[in-house]
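Below: the structure, in structure tokens.
The values are calculated or read from the model by the stated rules, or taken from the named source; none is laboratory data. Here the structure is a predicted model, which means the values were calculated and not measured. Positions of Cβ are generated from backbone atoms using ideal geometry, with glycine treated the same way; all protein chains shown enter the neighbour counts. Ligands, DNA and RNA are excluded from the accessible area calculation, which covers all protein heavy atoms including side chains. Shrake-Rupley method; radii C 1.70, N 1.55, O 1.52, S 1.80 Å.
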Amino acid sequence: VKGEVLIAILRVETNFGRYVGNYVVFNSLLTMTLIENRRSAWAEEELIHLLWLCQRENKDPLSLKGSWAGAFGIPQFVPSSYLKYAVDGNGDGRVDLHDLTDALASMANYLRAFGWSQEEPERKREALFAYNRCHQYVEAVLTYAQALSEN
């Protein structure tokens, strides 16, 4: 995954880490679980993953802050994505999505897992769509990455 794409994702997701969210992730996911809507079942699964993550990492579930949708860290991973795709990019023995090196390595790992191919534009789009299920998001990331590569 080219660096320009990762930088573009960071720009779109959190303005390079300037805004990672101030919501308690547990509360966000619990609220979505309890209010019947199309995201209730998804939020319930994410809440369970959050509790697993916190148990594994020995963290207080109420200490993790992120977006209203339950995503956290510079790359805005939801708990299930953290458990499956987050990696230790700087070799310090722990994964910290507020650390730029870990965030970049985790994002690249996620995109590769969803079929990223530098040579196939449609596979790029599919991997980015898996990251954020919005076609405008995909276009914004690709447009920003292209602008970066031209400079």
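General remarks:
- The conditions of being in contact with a helix residue (DSSP H, G or I) (Cβ under 6 Å, 6 or more places away or on another chain), without any contact (Cβ under 8 Å) to a residue 60 or more places away in the chain and more than 23 Å from F26 (Cα to Cα) are not met by N151.
- Residue that is least open to solvent (accessible area, probe 1.4 Å) [pool: residues in the stretch 28-40 that are in a helix (DSSP H, G or I) and of a type in the set (A, V, I, L, M, F, W, C)]: L29
- Elements of type helices (runs of 4 or more DSSP H) in the stretch 63-135, at least 2 residues being closer than 26 Å to L34 by Cβ and open to solvent by less than 70 Å² (accessible area, probe 1.4 Å): 79-85
- None of A43, A8 is in a helix (DSSP H, G or I), among the aliphatic types (A, V, I, L, M) and either open to solvent by 50 Å² or more (accessible area, probe 1.4 Å) or farther than 30 Å from L148 by Cα (or both) except A43.
- Within the stretch 124-148, tally of residues that are under 18 Å from G3 (Cβ atoms) and either among the acidic types (D, E) or out of contact with any helix residue (DSSP H, G or I) (no Cβ under 6 Å at 6 or more places or on another chain) (or both): 6
- Within the stretch 95-109, residues that are under 19 Å from L64 (Cβ atoms) have Cβ atoms under 7 Å from residues that are of a type in the set (A, V, I, L, M) and assigned to a helix (DSSP H, G or I) in these pairs: L97/A103; M107/L6; M107/I9, counting only partners at least 6 apart in sequence or on another chain.
- Going through (1) open to solvent by 20 Å² or more (accessible area, probe 1.4 Å); (2) in contact (Cβ under 8 Å) with a residue 12 or more places away in the chain; (3) aliphatic (A, V, I, L, M) one by one, V25 falls short only on (1).
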